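I have placed the structure first, in the form of structure tokens, so that the comments after it can refer back to it.
The values are calculated or read from the model by the stated rules, or taken from the named source; none is laboratory data. Note that the coordinates shown come from a computational prediction; the quantities given were computed from them, not determined experimentally. Cβ sites come from the backbone with ideal geometry, for glycine too, and all protein chains shown count toward neighbours. Please note that ligands, DNA and RNA were not included when accessible areas were found on the heavy atoms of the full protein model with its side chains. Shrake-Rupley method; radii C 1.70, N 1.55, O 1.52, S 1.80 Å.
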Amino acid sequence: MHSIPSLNVVDLMLDAVCLVNVDSTIVFVSPAFERIFGYLPEEVVGKRMLDMVHPDDLAITQRQAKSVTEGNLQLQFENRYVRKDGTIAHIRWTARWLPEQQMRLAVAHDITERRLTESMQAVIYAISEAAHTTQNLQALFQHIHQIIGRLLPATNFAVALYDAQADALSFPYHVNESLPAPPPMALAQDALCAEVIHNGCTLLLTPENRTAHPPPAPQQRPPLYWLGVPLQTQKGAIGALVLQSYTEQGRYTDKDKDLLQFVSTQVAAAIERKQMHERLEHMAQYDQLTHLPNRQLFLDRLKTALARARRDQRLLSLLFIDLDRFKEVNDTLGHAMGDLLLQRVAQRLLECVRGSDTVARLGGDEFVVLLESGLARDHATTVADKILSAFTQPFDLEGIRLNIQPSIGVAIYPEHGGEEHHLLGHADEAMYLSKKSGGNQVRVAQQTEAQAL
């Protein structure tokens, strides 16, 4: 028979064997402890094992230790530890109580890589799901922040979007414990984001390498760590994800850099998808020339406003506006000038109403204004007179000064009807009466005999 040389099997194990006292003071650890936790055995003997547990897992770990001390066998318990270098180790434990020695014997199996793979799969799925389920871009950014926070320290997180045509940067989502969201700026004003976006590469700024890179954008408190990753699409970088940390506890490593780089592809696709959805939604609801609500969106808002007016027993007014002799503008100056005039008219109408009112373009040179008038019946005519006064000033069409006047018809709920089509029809009729009477005036719909009854 061949003799087997004497081997210290514990020293050869890839898992770490630990002996700890009741109070978790370490009596012995095997050499594998260094590979898993980063500490040499001689560095930890005499220290408390619980002091290395991740703060969020401390309470459950203490309960498990107590259970083992009471004689219960522990199998497959998982928790997290903070390694010597500050990174997180995910550990699966088996443990038992040694009554004769009055110690706990535990074996630590490192499952960090497995947990990372599972987390990455969960994150990719969550980002894809968020792209379909969130209501708008802002909600998507918030959701992405939460998702990335499962992988990395993300207390300070920002989405920077890049407008290639304007070579400008904006920060539609910015959460930072020290700084408010920066205003839109030229890309060159943020040297780090510019480097990430132009080079298309992830950038990690640490206390060790910060002198090799430009400083972050001007700020009162520079971060210890700055991690930025480009949001790459087939059309190029549409922006960057930026994480910052002001403490060593939130440090970023090259592994974090690789993680964020991997996730960023999914994030960029989600943002691009949501941007496309919002563009299509805008096209379906807004007039492409004036960017005012179109007929369908206006009717939806009118229906909602009428329901609110019925419930609160308040007034609601419609102003139907048609431009006098608009056809002559198209015939004499061309349709391009006609389109420019419609854009100028839309802007002037918006300047005459409150932010809570709706100005919509129904088509051609027909506009409508929805006013939730409260209890003041004369509010509609006051706004209509304000519009007439505003139109006394000529419109500037690329150097051509043009005078044009509106004909305005007014209908008021409940006096002129309780349904959308009734109100709109009566406001339209009043507008035509204004136009037939010479235009550039306001007419209020007449109350019919049936309505009076």
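General remarks:
- Sites matching chymotrypsin sites (Phe, Trp or Tyr not before Pro) across the range 136-208 that sit in DSSP coil, with at most 10 neighbouring C-beta atoms within 10 Å: none
- Checking every one of the trypsin sites (Lys or Arg not before Pro) in the range 206-303 against DSSP loop status and a limit of 13 other Cβ atoms within 10 Å picks out Lys235.
- FRET E, pair Arg273, Tyr432, Förster distance 51 Å, beta-carbon r, rounded to 0.05: 0.65
- Pairwise FRET efficiency - Gln76 versus Arg150, Cβ, R0 = 22 Å, nearest 0.05: 0.50
- Difference of contour (0.36 nm per residue) and Cα-Cα distance, Gln446 to Lys84: 122.0 nm
- Helix 112-133 axis versus longest C-alpha principal axis of the chain: approximately 10°, rounded to the nearest ten.
- Those trypsin sites (Lys or Arg not before Pro) in the range 359-447 that DSSP places in a loop and that have at most 16 other beta carbons within 10 Å: Arg377
- Among the protein heavy atoms, those of Tyr246 account for about 20 Å² of accessible surface (1.4 Å probe, every chain in place).
- The lysines whose alpha-carbon is closer than 26 Å to the alpha-carbon of Lys255, local same-chain residues fewer than 8 away aside, are Lys84.
- Full extension of the chain segment joining Leu40 with Glu118 gains 25.2 nm, where the gain is 0.36 nm per residue of separation less the Cα-Cα distance.
- Radius of gyration and Dmax over the Cα atoms of the range 295-444, both given in Å: 15.2, 49
- Full-stretch length increase - Gln393, Ala336 - with 0.36 nm per residue and alpha-carbon distance subtracted: 18.4 nm
- Prolate/oblate/rounded call for the chain, Cα gyration tensor, a/c under 1.5 rounded: prolate
- Residues of the chain: accessible area per residue with a 1.4 Å probe, Å²: 53
- Fraction of accessible area attributable to carbon and sulfur, the range 13-110 (%, probe 1.4 Å): 55
- Candidate lysines for bridging to Lys327, where Cα separation is under 23 Å - those fewer than 8 sequence places away on the same chain excluded: Lys435, Lys436
- Counted charge near Val29, where neighbours are those whose Cβ lies closer than 12 Å (Asp, Glu -1; Lys, Arg +1): -3
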